[in-house]
Amino acid sequence: MKKRIVLWAAVSAVIMLVLPWLAVTFVKGDAGMAVCFLLFYAVNPIYSLITGAFAGKHIKRLCSLPFILSVLYLLGVWIFFDMGEIAFIIYAVIYLILGILAMLVSMLIERKKQR
């Protein structure tokens, strides 16, 4: 089980740290802004839901995944965009809420299956 959390944390690090770096480094101008919108409004929320759903299936060991994801997101955007920007904290909280909700729903579905 420890392998799973390490794997999910590594994938989360790639998505939340490497993708913003790629967007800032290689995509310039208006296209860079479009890529950032795609990351903030599509890729990151969907990945938060997926991570939360997986964590809900193994809630005792993986309940920290949504928190890890939000912290990695915050680190990534603060490093590559603007340190201390309040909007990024709001996004991190929203991703955390999405992950926790998906985790709870997944946990409830998993418990119903076991009955």
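Looking only at residues that are touching an Asp or Glu at 6+ places or on another chain (Cβ under 9 Å) and at pLDDT below 90 in segment 56-77, which one is farthest from residue 9 (Cα to Cα)? Restricting to residues being touching an Asp or Glu at 6+ places or on another chain (Cβ under 9 Å) and at pLDDT below 90, the top hit is 77. Residue count for segment 73-91 satisfying the condition of being open to solvent by less than 70 Å² (accessible area, probe 1.4 Å) and assigned to a helix (DSSP H, G or I): 10.
Summed over segment 52-88, residues that are more than 16 Å from residue 39 (Cβ to Cβ) and over 13 Å from the mean Cα position of the chain (by Cα) total 11. A single member of 47, 41 is assigned to a helix (DSSP H, G or I), at pLDDT 90 or above, open to solvent by 30 Å² or more (accessible area, probe 1.4 Å) and not hydrophobic (A, V, I, L, M, F, W, C), and it is 41. Residue 14 meets each of the listed conditions (1) open to solvent by less than 50 Å² (accessible area, probe 1.4 Å); (2) β-branched (Val, Ile, Thr); (3) farther than 20 Å from residue 106 by Cβ apart from (1). Only residues that are within 12 Å of the chain's Cα centre (by Cα) and either surrounded by fewer than 19 Cβ atoms within 10 Å (Cβ to Cβ) or among the β-branched types (Val, Ile, Thr) (or both) were counted across segment 92-115, and they come to 4. Here residue 101 does not fit the description of being in a helix (DSSP H, G or I), in contact (Cβ under 8 Å) with a residue 60 or more places away in the chain and under 23 Å from residue 5 (Cα atoms). Scan segment 55-72 for residues that are in a helix (DSSP H, G or I) and open to solvent by less than 50 Å² (accessible area, probe 1.4 Å) and the total you get is 9.
The values are calculated or read from the model by the stated rules, or taken from the named source; none is laboratory data. Because the structure is a prediction, the values reported are computed rather than measured. Quick reminder, even Gly has a Cβ in these numbers, built from the backbone with ideal geometry, and neighbours come from all protein chains shown. Keep in mind that these areas ignore ligands, DNA and RNA; they rest on the heavy atoms of the full protein, side chains included. Shrake-Rupley method; radii C 1.70, N 1.55, O 1.52, S 1.80 Å.
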